[in-house]
1. Mind putting a number on the dipole of the chain about its Cα centre? Charges go on the C-beta only, +1 for Lys and Arg and -1 for Asp and Glu, and I need it in Debye to the nearest 20.
2. Once a ≥ b ≥ c are taken as the square roots of the eigenvalues of the Cα gyration tensor of segment 12-122, is the result rounded (a/c under 1.5), prolate (a/b larger than b/c) or oblate (a/b not larger than b/c)?
3. Starting with the highest mean, order 172-180, 25-33 by the number of other Cβ atoms within 10 Å, averaged over the residues of each peptide.
4. Looking only at SER155, SER46, SER37, which one moves most when the chain is put into a Gaussian network model with springs between Cα atoms under 10 Å?
5. Calculated from DSSP H runs of 4 or more alone, at -39500 (n - 2.57) each and per residue, what is the 222 nm mean residue ellipticity of the chain, nearest 500?
6. For the chain, which whole percent of the accessible surface, found with a 1.4 angstrom probe, sits on carbon and sulfur atoms?
7. What's the tally of Lys pairs in segment 1-81 whose alpha-carbon atoms lie under 25 angstrom apart, where the two lysines are 8 or more places apart or on different chains?
8. Which residues' amide hydrogens lie under 5 Å from the amide hydrogen of PHE150, considering only partners 5 or more residues apart or on another chain, with H built in the peptide plane?
Amino acid sequence: MRWIERADCIDCGRQYKDGAKKESNRCQDCNRRRETSQQFLTKNRSVFQYNEQLQPMITKWKYRGDYCLIEAFRAPVQEGFKTYFSDLNADTIAVPIPLSPQRLQERAFNQAEAIAQLLPLPTCELLKRVHGEKQSKRSRKERLEASNPFQLFKSTNKPVLLIDDIYTTGTTLQQAAEILIQSGCPEVSSYTLAR
């Protein structure tokens, strides 16, 4: 598993391949979001690069129900949290990205909730997923054009740290952040296991 060693994009935390040319301190996706006013996250940070070594491990954990694999992620998730979020507001709450009821029944656990439980923050359910086609079955274009699957369950006036397993296009996290910001949440960041 390869750690993300530096956040080349200050918004999403993407690390470019070594030697890749950087035109700015933001990636193209984040620049595009800012141009269209669809950037709702203050920042995202992730622990690992999503690669050939990590993918089968996450698949086994998430889709095949091998819940005990969370223990392999415990120390890296906690260490990454200390590194990336040392300046977090003391009132911040962790909000795991919810699964649809069907997905939760299939998997028997929410992987984002499992990650959130590793952090030294109070966890709160603020969102519910009203529909939930698997993101892994969608193309990049379909993910970016997807309608918002979230509804507000409960509002908060505290800063939020959204928790999820994988940041791919960022659409899921941006959609969740949008709902929270529109309901009066002062700031939303996110933390994921992989990017």
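The values are calculated or read from the model by the stated rules, or taken from the named source; none is laboratory data. Nothing here was measured: the structure is a model prediction, and the numbers come from that model. All Cβ positions, even for glycine, are placed from backbone atoms using ideal geometry, and neighbour counts span all protein chains on display. Keep in mind that these areas ignore ligands, DNA and RNA; they rest on the heavy atoms of the full protein, side chains included. Shrake-Rupley method; radii C 1.70, N 1.55, O 1.52, S 1.80 Å.
1. Details: 30 positive and 23 negative charges, 93 e Å.
My answer is approximately 440 debye.
2. On the way: a/c = 1.60, a/b = 1.43, b/c = 1.12.
Prolate.
3. Numbers: 172-180: 22.9, 25-33: 17.1.
Output ranking for 172-180, 25-33: 172-180, 25-33.
4. Maximum among the listed residues: SER37.
5. Numbers: 7 runs with 63 residues, N = 195.
Estimated from H runs of four or more residues: -9000 deg cm²/dmol.
6. Working: 4690 of 10210 Å².
Its accessible area is 46 percent carbon and sulfur atoms.
7. Step by step, the pairs that qualify in segment 1-81 add up to 4.
8. VAL130
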